[in-house]
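Since the structure comes first, as structure tokens, the remarks are kept for the end.
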């Protein structure tokens, strides 16, 4: 099924690896011109070149900015004043004991995971409303509604993503602009792989069993009992970004492998 996204311009924040890169690739497959974002120009340019090589009919562009910094966000806005799709994927996470989290850490997580995406939405939403088409998608986590307790500072920010999404959707009533949150479950990104490696590096368990053991002992409610792959999330985000996903807005869309129990 073609998603009717040819020629659309999409900014995917934090898109040099993991979920963000997978989203950018899936959008490019549909003919979308993607703006690749990350803090390091070399890394950003490498992904841009990769997408251009694989999807030569698209025009991927480079946005090497730290979007948690107001000055660099301004530079982004000057370079890309108008877009059709905003995917607020950029985020940080780290397992931490609640009692070890100082105020500076709480603030850093809020600045990166919430304020930066909100600032982008505040800039681009009026323009989307003027053109009567746009998609704003926040990438949250199942931690937003079912915190594991392993990283409370991260869970807090993901719950905040749900709230801002609902508030922004109220501003789009009766238009062809939608604002949604997607909540992936545990995903095999580079960061999660590093976390699992750190957890199991001193164990006697064979490496090929680490993933299943992690799911069994740390995510026992998962119905699929495996880590979600980034490309699976990328495909779903691409649908939500498309004109065919026009019937929902202000939603918290779950892609968690059945991890979060459904209450009827």
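Read the figures in this text as sums done on the coordinates, not as results from a lab. Worth saying up front: this structure is predicted, and the values here are computed from it rather than measured. Quick reminder, even Gly has a Cβ in these numbers, built from the backbone with ideal geometry, and neighbours come from all protein chains shown.
Structure notes:
- Between helix 230-241 and the chain there is an angle of about 30 degrees, using the helix long axis and the longest principal axis of the Cα atoms.
- Computing FRET efficiency as 1/(1 + (r/R0)^6) for residue 150 and residue 70, where r is the C-beta to C-beta distance and R0 is 30 Å, gives about 0.45.
- For segment 123-192, the relative contact order comes to 43 percent (Cα pairs under 8 Å, sequence separation of at least 6).
- Residue 41-residue 92 FRET efficiency (beta carbon distance; Förster radius 25 Å; 0.05 resolution): 0.80
- Once the Cα atoms are used to define both axes, helix 190-200 deviates from the longest principal axis of the chain by about 0 degrees.
- Placing a label point 7 Å from the Cα of residue 216 along the Cα-to-Cβ direction, the residues of segment 226-264 whose backbone N falls under 13 Å of that point are 226.
- Choice from 15, 167, 155 with maximal GNM fluctuation in the chain (Cα, 10 Å cutoff): 167
- Inter-site label distance for residue 159 and residue 224 at 7 Å from Cα along Cβ, in nm: 2.6
- Helix 116-131 vs. the chain, principal-axis angle (Cα, 0 to 90°, nearest 10): 30
- The chain: most fluctuating residue of 196, 25, 139 per GNM, C-alpha cutoff 10 Å: 196
- Extension reserve of the residue 53-residue 173 stretch, reckoned as 0.36 nm per residue once the Cα distance is removed: 39.3 nm
- Mean Cβ neighbour count within 10 Å, used as a protection proxy, ranking 115-121, 44-50, 65-71 highest first: 115-121, 44-50, 65-71
- Against the set (i) 55, 40, 40; (ii) 57, 39, 36; (iii) 62, 38, 37, the structure's computed Cα extents along the principal axes in Å falls on (i).
- Calculated FRET value between residue 110 and residue 4, using beta carbons and R₀ = 35 Å, to 0.05: 0.45
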